[in-house]
1. Can you name the number of the only condition in (1) at positive phi; (2) open to solvent by 80 Å² or more (accessible area, probe 1.4 Å) that GLY247 fails?
2. Quick check: anything in region 172-187 in contact with a His (Cβ under 7 Å, 6 or more places away or on another chain), of a type in the set (D, E, K, R) and on the phi > 0 side of the Ramachandran plot?
3. Test each condition in (1) outside any helix (DSSP H, G or I); (2) touching a helix residue (DSSP H, G or I) at 6+ places or on another chain (Cβ under 9 Å); (3) open to solvent by 10 Å² or more (accessible area, probe 1.4 Å) for PRO173 and report the one that comes out false.
4. Which numbered condition trips up GLY112, out of (1) on the phi < 0 side of the Ramachandran plot; (2) at pLDDT below 95?
5. Residues of region 1-41 being of a type in the set (A, V, I, L, M), in contact with an Asp or Glu (Cβ under 9 Å, 6 or more places away or on another chain) and open to solvent by 10 Å² or more (accessible area, probe 1.4 Å), which ones?
6. Which pairs turn up if I take residues in region 85-97 that are farther than 17 Å from LEU45 by Cα and look for partners that are basic (Lys, Arg) with beta carbon separation below 9 Å, at least 6 apart in sequence or on another chain?
7. Of everything in region 203-242 that's of a type in the set (Asp, Glu) and open to solvent by less than 50 Å² (accessible area, probe 1.4 Å), which residue is nearest to ASP178 (Cα to Cα)?
8. Looking at region 185-250, what helices (runs of 4 or more DSSP H) fall wholly within it and have at least 1 residues that are touching a residue at least 60 places away in the same chain (Cβ under 8 Å) and over 19 Å from the mean Cα position of the chain (by Cα)?
Amino acid sequence: MAKISIKDLKFFYGSNEVIHGISLDIAANEILALIGPANSGITTLLRSINRLYELTPGARMEGEITLDGDDINASSVSITELRRKVGMVFDIPTPLPLSIFDNVAYGPRLSGNTNKQDLMVIVEKSLRLAAVWDDVKDRLSEAASSLSGGQQQRLCIARVLALEPEVILLDRPCSGLDPISTTKLEGSLEELKKDYTIVIAPHNTQQAVRVSDSVAFLLMGDLIEAGPTSEVFVTPKDTRTSDYITGRFG
């Protein structure tokens, strides 16, 4: 069984259909890269997987998305619990106006864990998984805003990890990062996939090649092609895929 299964997904902003009947399975403990030019529906697809679209007036979806076989849109599903299981990190780092420690501890505290020793263990583990512990271990009481952009982005990943999710959604997490920070973040993804399923909208196609196990190419709301990254990039089945990954458009 797929970790996430998307069946005939259509998505609308008002009367404007931006995703046209996509079906896609995402395996557990893999990194799936969603690639495509602007306005292909990639961010909308990511936001559909944990129902963040519900914060946008006039947005609605048709079709089905399941997590471990359970329909995420069922009336019995708690949105809070869904977003704990399926965490999302955006392209622009959004640390809370708190200390580094409190940023990571924020979610567990909201869930009722106020034990200082437990929180310290959670914070250290999350920061290590996000490959930022060595940068901040002596600065935990400092404001998160004092960190560099790359450190803030990895802090945001740590904040998601502190909630012990099952799936991590990353929407162009390296778009504003320097090459060194990008390399560190990409390295952490390889470790994270051992315990998590990751869906990423990469910064560019080269990043998709470096970090992903599978890739799905979207174009103007249509799923053109999906498969193992090595196959899609070496022997694409659709000429539009070939044209995109070789830079003929996009």
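The values are calculated or read from the model by the stated rules, or taken from the named source; none is laboratory data. Computed from a prediction, not measured in an experiment: that's the story for all the values here. Cβ placement follows ideal geometry from the backbone for every residue including glycine, while neighbour counts extend to all protein chains displayed. Ligands, DNA and RNA are stripped out before the accessible areas are found, and what is left, the full protein with its side chains, is counted by its heavy atoms. Shrake-Rupley method; radii C 1.70, N 1.55, O 1.52, S 1.80 Å.
1. (2)
2. Of the residues in region 172-187, the ones in contact with a His (Cβ under 7 Å, 6 or more places away or on another chain) are 172, 174-175.
This time we only want the ones that are of a type in the set (D, E, K, R), so: 172.
Applying the additional criterion that residues be on the phi > 0 side of the Ramachandran plot yields 172.
Yes, because at least one residue in region 172-187 is in contact with a His (Cβ under 7 Å, 6 or more places away or on another chain), of a type in the set (D, E, K, R) and on the phi > 0 side of the Ramachandran plot.
3. That leaves (3) as the condition not met.
4. Every listed condition holds for GLY112 apart from (1).
5. Listed by number, the residues that qualify are MET1, ALA2, ALA27, ALA28.
6. PRO93/ARG154; PRO95/ARG159; LEU96/ARG159
7. First, the residues of region 203-242 that are of a type in the set (Asp, Glu): 213, 222, 225, 231, 238.
From what's left, open to solvent by less than 50 Å² (accessible area, probe 1.4 Å): 225, 238.
Details: GLU225: 30, ASP238: 33 Å.
Within region 203-242, the match that is nearest to ASP178 (Cα to Cα) is GLU225.
8. Numbers: elements: 205-211, 229-234, 239-245.
Per the criteria, 239-245.
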